[in-house]
Amino acid sequence: DFLERLGCRWFFPGAFGEVVPKRDTLVLDAMEAHERPDFRLRNIWYSGWMPVQGNDAAEYTVWMDRNRMNTLKGLSLPGDGSITRLAPPETYFASHPNIYAVNEKGERDPGMLCLTEPEAVTIAAATIKEAFRADPSLATFGFAPPDGHPQCFCERCQASNPHFCGKGYGEPSLSDVWFRFANAVAVEVYKEFPDRWLLTNGYANRVRVPEGIAPLSPNLGIQSAMLDSCTFHSIGDPKCWQRRLYKTVLDRWTETLRCVFIYDYDPGKSLDGMPFPMVHNLERDFRYFKERGVWGFWTEGQNCWMVTHLNYYIRARLMWDADADVEALVRDYCGRFYGAAARPLEKYIWTQERAVDDSTIHETFGRLVPWRVIYTPKVMKTLDRLMAEAVRRAADSPESAHVRVLELVHRYIQAHLAMEGEGAEGDFAGAVEQADE
């Protein structure tokens, strides 16, 4: 905080992203600062879809510290498949096969529990209470089913599942069955440990609020992870039905539970290397999250910093202060990082973002984006002009290396659009050439 006041910045990990002004003299007035972050959980982690090599992870940890984030170490979080922590199969599968889920072949699955088996609840609650007794510093215990759309196919579980379907997420919904189980465990643990939290996830076939269970135990919290929701538009955007539905679901969760935190994805699209600017969306969404009392973020990120560009830096600032002015932050970044090229590159960033934000395409993680519809010839003509001006202005300046990296990203955009175009015309050999470029 003190160094920031003196002009230091850490826009990206490592020496490349560091800005440290040189001054012969520092003049300091007396000051007193009191701050409290708007969110408790402030985390973005590398999930590994893009390689993390050498010193990348260590440099990223330093970057997180300098931008006031936290690693969530020491918290037990609901990772995919962590349900086995409740009843480790090596301990219980042979002696208590009845507590494990039945798969579609009618076989018991050691990776999933039967959600309507009373003994599964008893053993799960006992496991958690023993963990809390053994470690008084353990504030949370996280558990979640395996990734995907897991369920138990025994007659009792199937009969208790209302099989809600329709426009939206996680079909058919397992929320009623899953949260009835999770709540029963939480109720039992609450009797002995009312000051600890049980965390599970609202993900895949469990994103919806359960309809048949109320109220939920006060020690139950969820990580809301709406994978199948558009990431091109902000929450509640009137032109995006997916983000309007996202708002409906999250409004209900934050009305239902005291502890809700967000698991999202950045980049929230296929990992095609194309820039994914969305800082105005982040500004709007984070203010909404603060208003709803969201606890924070466990964001799945990637080691692809010129694709996400300013997203992670802006996320870090908004996790601390949801009311931060992102236009001022972008202007500060351009001025300090690009020097004489600041003005055209600030325009470049906003031109890119408007092209994405104005799109009527609805995009989710893992789906291919038709970028030619977004980066139209008109948009590219503007971006080409602004990048050429930035390169000219930065020539022979200390910031020329920073501009050079962004220029390489611009060339990547050009080649990617050419690849799409060649493929659309059926010239696949030409498309391969552009892919190589």
With the checklist (1) surrounded by fewer than 21 Cβ atoms within 10 Å (Cβ to Cβ); (2) under 30 Å from Trp241 (Cα atoms); (3) among the β-branched types (Val, Ile, Thr) in hand, flag the one item Thr122 doesn't pass. (2)
Residue that is surrounded by the most Cβ atoms within 10 Å (Cβ to Cβ) [pool: residues in the range 176-226 that are small (Gly, Ala, Ser), outside any helix (DSSP H, G or I) and touching a strand residue (DSSP E or B) at 6+ places or on another chain (Cβ under 7 Å)]: Gly202
Expected output for the range 90-114 (first residue more than 12 Å from Cys154 (Cβ to Cβ), partner open to solvent by less than 50 Å² (accessible area, probe 1.4 Å) and part of a strand (DSSP E or B), Cβ below 7 Å, 6+ apart or cross-chain) is Phe93/Tyr100; Pro110/Tyr100
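From Ser229, Ser270, which residue is open to solvent by 10 Å² or more (accessible area, probe 1.4 Å) and more than 14 Å from Ser175 (Cα to Cα)? Explain how you work it out, then say what you get.
Details: Ser229 fails: open to solvent by 10 Å² or more (accessible area, probe 1.4 Å).
Going through Ser229, Ser270 in turn, the sole match is Ser270.
Yes or no, residue by residue, for (1) touching a residue at least 12 places away in the same chain (Cβ under 8 Å); (2) open to solvent by less than 50 Å² (accessible area, probe 1.4 Å); (3) under 30 Å from Gly221 (Cβ atoms); (4) in contact with a strand residue (DSSP E or B) (Cβ under 9 Å, 6 or more places away or on another chain):
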site: Ala328; (1), (2), (3), (4): no, yes, no, no
site: Arg336; (1), (2), (3), (4): yes, no, no, yes
site: Thr364; (1), (2), (3), (4): yes, yes, yes, yes
site: Lys381; (1), (2), (3), (4): no, no, no, no
List pairs: first in the range 230-255 and closer than 30 Å to Ser217 by Cβ, second of a type in the set (S, T, N, Q) and buried (at least 18 other Cβ atoms within 10 Å of the Cβ), Cβ under 6 Å, 6+ apart or cross-chain? Tyr246/Ser229; Trp253/Ser224
Within the range 145-170, residues being modelled with pLDDT under 85 and crowded, with 16+ Cβ neighbours inside 10 Å number 4
Among the listed residues Val369, Val330, identify the single one that is modelled with pLDDT of 95 or more, hydrophobic (A, V, I, L, M, F, W, C) and under 25 Å from the mean Cα position of the chain (by Cα). Val330
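Before we move on, is Tyr312 among the hydroxyl-bearing types (Ser, Thr, Tyr) and within 20 Å of Leu386 (Cβ to Cβ)? Give the derivation first.
Numbers: among the hydroxyl-bearing types (Ser, Thr, Tyr): yes; within 20 Å of Leu386 (Cβ to Cβ): no.
The answer is no for Tyr312.
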Is one or more of the residues making up the range 412-429 in contact with a Leu (Cβ under 7 Å, 6 or more places away or on another chain), hydrophobic (A, V, I, L, M, F, W, C) and more than 14 Å from Met274 (Cα to Cα)? no
Looking at Lys129, Lys73, can you tell me which residue is open to solvent by 50 Å² or more (accessible area, probe 1.4 Å) and either closer than 30 Å to Asp195 by Cβ or not aromatic (Phe, Trp, Tyr) (or both)? Lys73
Checking Glu117 against (1) within 26 Å of the chain's Cα centre (by Cα); (2) within 19 Å of Ser82 (Cβ to Cβ), the condition it does not meet: (1)
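Residue by residue through the range 266-286, note down the ones that are assigned to a helix (DSSP H, G or I) and aromatic (Phe, Trp, Tyr). Can you show your working first?
So in the range 266-286, the residues assigned to a helix (DSSP H, G or I) come out as 279-286.
Phe286 - this is the single residue of the range 266-286 that is assigned to a helix (DSSP H, G or I) and aromatic (Phe, Trp, Tyr).
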Cβ-Cβ under 9 Å pairs, at least 6 apart or on other chains, the range 65-80 side within 16 Å of Gly301 (Cα to Cα), far side polar (S, T, N, Q): Met69/Asn43; Asn70/Asn43; Thr71/Asn43; Thr71/Thr61; Leu72/Asn43; Gly79/Asn201
Within the range 424-431, identify whether any single residue is over 15 Å from Ala341 (Cα atoms) and either of a type in the set (Ser, Thr, Tyr) or surrounded by 14 or more Cβ atoms within 10 Å (Cβ to Cβ) (or both), and answer yes or no. yes
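Would you check if there is a residue in the range 24-39 being touching a helix residue (DSSP H, G or I) at 6+ places or on another chain (Cβ under 6 Å), outside any loop (DSSP other than H, G, I, E, B) and either modelled with pLDDT of 95 or more or not acidic (Asp, Glu) (or both)? Step through it out loud before you land on a result.
Of the range 24-39, the ones touching a helix residue (DSSP H, G or I) at 6+ places or on another chain (Cβ under 6 Å) are 37-39.
Next, from what is left, pick out any that are outside any loop (DSSP other than H, G, I, E, B): none.
For the range 24-39, residues touching a helix residue (DSSP H, G or I) at 6+ places or on another chain (Cβ under 6 Å), outside any loop (DSSP other than H, G, I, E, B) and either modelled with pLDDT of 95 or more or not acidic (Asp, Glu) (or both): absent.
Hey, does the range 29-39 have a residue that's buried (at least 17 other Cβ atoms within 10 Å of the Cβ) and within 29 Å of Ser270 (Cβ to Cβ)?
First, the residues of the range 29-39 that are buried (at least 17 other Cβ atoms within 10 Å of the Cβ): 38-39.
From the residues that got through so far, the ones that are within 29 Å of Ser270 (Cβ to Cβ) too are 39.
Looking for residues that are buried (at least 17 other Cβ atoms within 10 Å of the Cβ) and within 29 Å of Ser270 (Cβ to Cβ), one finds at least one in the range 29-39, hence yes.
The values are calculated or read from the model by the stated rules, or taken from the named source; none is laboratory data. Quick caveat, the model's predicted, so the values are computed rather than measured. Ideal geometry is used to build each Cβ from the backbone, glycine not excepted, and the neighbour counts take in all protein chains shown. Each accessible area value is taken on the protein alone, full model and side chains, heavy atoms only, with ligands, DNA and RNA left out. Shrake-Rupley method; radii C 1.70, N 1.55, O 1.52, S 1.80 Å.
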